[in-house]
Amino acid sequence: MLKCLIFDIGNVVLKFSHEKACLQLAEVFKTTAESIQKCLFASGMHLSYESGQITTEELLKELKMQLGYNPHDEAIADAFNDMFEIVDGIEQLFLDAVNKNFRIMALSNISALNANYIENKWPNIFSKFDVKIYSFLVGAVKPESAIYHSAIEKSGLLPQECFYTDDLIQNIDAGRRHGLHAALFTDVKSYRKSLAEYGVLL
């Protein structure tokens, strides 16, 4: 019997665009989006930040040094954070899940800056989560085993009592290897259909 619904955040709860972030950061740093993409993403800096290997302070310092410009930290954060929008139907889905007494968990590769921003921007959504497993706090990113072990432990349930959804198939496969029921996320309507296969009508 399913008791807990585990959600990725990016492109499941909130749509996001690294391209938009790169364009906005390029304006702040007086450079090109391509330069931002190479410095922040292609270099692995963003992955190090999401996995908690470097702090926000270290990230900002490294960006300024590599890009040769010294904008205000707040301007960098605003440009980096303003890349999210809510997925259609997710608010009602969460309300329906709460009304059916499901535990709701987040399991996300996410940075400290982004996590703080989205929780403050959408408190009506993030207050619904009973548990939030964030990569930068765990020190591991999906599809690494450590982050799934953390989610299962914090759920307080057996893996087979949990249903996990993510927009990336490699993360779904990892979830299944750890005993979670799981389905690839495309939209809320399809997600509801996936749950119905387990006898859950939301």
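The values are calculated or read from the model by the stated rules, or taken from the named source; none is laboratory data. This structure is a prediction, so every number in the text was calculated from the model and none was measured. Cβ atoms come from the backbone with ideal geometry, glycine included; neighbour counts cover every protein chain shown.
When segment 58-69 is limited to residues that are of a type outside the set (Phe, Trp, Tyr), over 18 Å from residue 134 (Cβ atoms) and touching a helix residue (DSSP H, G or I) at 6+ places or on another chain (Cβ under 9 Å), the one that is surrounded by the fewest Cβ atoms within 10 Å (Cβ to Cβ) turns out to be 68.
Residues in segment 70-97 that are in contact with a strand residue (DSSP E or B) (Cβ under 8 Å, 6 or more places away or on another chain) and loosely packed, with under 15 Cβ neighbours inside 10 Å: 85 alone.
Every residue, every condition in (1) closer than 30 Å to residue 75 by Cβ; (2) within 16 Å of the chain's Cα centre (by Cα); (3) among the basic types (Lys, Arg), yes or no:
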site	(1), (2), (3)
124	yes, no, no
134	yes, yes, no
141	yes, yes, no
144	no, yes, no
169	no, yes, no
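Summed over segment 157-170, residues that are out of contact with any helix residue (DSSP H, G or I) (no Cβ under 9 Å at 6 or more places or on another chain) and in contact (Cβ under 8 Å) with a residue 24 or more places away in the chain total 4.
Okay, residues lined up against (1) modelled with pLDDT under 95; (2) farther than 25 Å from residue 195 by Cα; (3) basic (Lys, Arg); (4) surrounded by 14 or more Cβ atoms within 10 Å (Cβ to Cβ):
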| site | (1), (2), (3), (4) |
| --- | --- |
| 103 | no, no, yes, yes |
| 112 | no, yes, no, yes |
| 125 | no, no, no, yes |
| 133 | no, no, no, yes |
| 136 | no, yes, no, yes |
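Looking at 119, 161, can you tell me which residue is among the charged types (D, E, K, R), more than 18 Å from residue 14 (Cα to Cα) and surrounded by 14 or more Cβ atoms within 10 Å (Cβ to Cβ)? None of the others qualify; the one that does is 161. The residue that is farthest from residue 146 (Cα to Cα), among those in segment 22-47 that are loosely packed, with under 15 Cβ neighbours inside 10 Å and polar (S, T, N, Q), is 32.
The requirement of being farther than 26 Å from residue 91 by Cβ and not in a helix (DSSP H, G or I) is not satisfied by residue 200.
Considering segment 176-202, the residues that are touching a helix residue (DSSP H, G or I) at 6+ places or on another chain (Cβ under 6 Å) and of a type in the set (Gly, Ala, Ser) include one that is surrounded by the most Cβ atoms within 10 Å (Cβ to Cβ), namely 182. Restricting attention to segment 32-62, the residues being on the phi > 0 side of the Ramachandran plot and either of a type in the set (A, V, I, L, M) or in contact (Cβ under 8 Å) with a residue 60 or more places away in the chain (or both) number 1.
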